[in-house]
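No lab work stands behind these numbers, since they all come straight from the coordinates. Here the structure is a predicted model, which means the values were calculated and not measured. Because the Cβ atoms are built from the backbone with ideal geometry, glycine has one as well, and the counts that use them run over all protein chains shown.
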Amino acid sequence: MAQTSSIEWTDATWNPVTGCTKITPGCDHCYAEAFAERFRGVPNHPYSMGFDLTLREGRLSQPLGWKKPSMIFVNSMSDLFHKDIPKSYIDKVFDVMEQADWHIFQVLTKRSSILRDYVNERYSKELAPSHIWLGVSVENRQSLSRIDHLRASSAAIKFVSAEPLLGDLGSINLSGIHWVIAGGESGRGARPMDIEWARNVRENCARQKVAFFFKQWGSFSSSGLRASKASNGRILDGRTWDELPGSLPIQTQAEEREPI
């Protein structure tokens, strides 16, 4: 576990799996891959196998020993719903999350249909525990169907990460969604985010009463100039946006509106 995390919307990370494979444009400049591959072939290093998919069974019980309640991002270095992770192993991860109910676990995936099917099977008679937040990544309009898969799941708290935001998402149906994160890309090869794309996500959230969190500009400023992530900061239209689930009244699925 990272005792603290530089990711603005979480406190810490837990990686019972590391490594992944690319499936969408949002994966093109994966920060986790870039980090892990620096150590490929280094003897006795945790990432001596680079970014190859690796099950880390020795880490499974870690959150049970962390007594301070924290928000924990699960698999910041992988995707729990990768097609090559056995269901039996995902079961073990969920078993630990259910036991360590003093934490909030944030599980984020691009494999949204696998998330939906797994969660609906595991929680077929009730919603998932509310301390296990389940989310999907969307980076462009072509990926918006992931939100539909998430909405169809029995997750109690559902969130969307629009990072890296690679285009204008247009009208987004956020019924049943509790939280949206937006942010630009950073690192080598980063692609710029237009300020209007971020504003559009924020306005979709405001109209549908969904909590909005603006994570960062990344490697390009709001004016489109390249600079460091730190200097670009995370101010959008004069302020930070740090809303979390529960900070706003949430529109339920039964109250679903027409997409705006």
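Some notes on this structure:
- Straight-line cross-link partners of Lys158 among the lysines, defined as a Cα under 26 Å from its Cα and at least 8 positions apart when in the same chain: Lys22, Lys67, Lys68, Lys83, Lys87, Lys92, Lys110, Lys125, Lys209, Lys215.
- Measuring nothing but how far apart in sequence close Cα pairs (under 8 Å, 6+ apart) lie, relative to its length, the chain scores a relative contact order of 13 percent.
- When only the Cβ of Lys, Arg, Asp and Glu is charged (+1, +1, -1, -1), the dipole of the range 1-50 relative to its Cα centre reaches about 200 debye.
- Dipole magnitude of the chain about its Cα centre (Cβ charges: Lys, Arg +1; Asp, Glu -1), debye to nearest 20: 340 debye
- In terms of surrounding Cβ atoms within a 10 Å radius of their Cβ, Phe94, Phe213 rank from fewest to most as Phe94, Phe213.
- Relative contact order of the range 88-193: 23 percent, from C-alpha pairs under 8 Å at least 6 residues apart in sequence.
- Here the range 149-216 is treated with +1 on each Lys and Arg Cβ and -1 on each Asp and Glu Cβ, and its dipole about the Cα centre works out to around 220 debye.
- Within the shell defined by Cβ-Cβ distances under 13 Å, the residues around Glu121 carry a net charge of +1, with Lys and Arg each +1 and Asp and Glu each -1.
- Point-to-point label distance, Lys83-Arg38, nm (Cα→Cβ direction, 7 Å offset): 3.1 nm
- Förster radius 51 Å - calculated FRET efficiency between Ser124 and Leu225, Cβ distance, rounded to 0.05: 0.50
- Label corresponding to Cα extents along the principal axes in Å when calculated from the structure given, among (i) 47, 46, 34; (ii) 55, 54, 50; (iii) 43, 39, 32: (i)
- For the range 120-187, the list of GluC sites (Glu not before Pro) that fall in a loop by DSSP and count at most 15 other C-beta atoms within 10 angstrom reads Glu126.
- The range 199-243 versus the range 48-97: alpha-carbon centroid distance in Å: 29 Å
- Unit charges at the beta carbon, dipole of the range 69-255: most positive-side option, Ile157, Ala128, Leu244: Leu244
- Simple spin-label estimate for Ser6 and Lys22 in nanometres, 7 Å along Cα-Cβ: 2.2 nm
- For the range 140-189, the normalised intensity computed at q = 0.24, 0.29 Å⁻¹ comes to -0.94, -1.22 (log10 of I(q)/I(0), Debye sum over alpha carbons, equal scatterers, no solvent).
- Between the listed residues Gln142, Leu108, Ser88, the Cα displaced farthest toward the positive end of the dipole of the range 74-142, a dipole computed from Cβ unit charges relative to the Cα centre, is found at Gln142.
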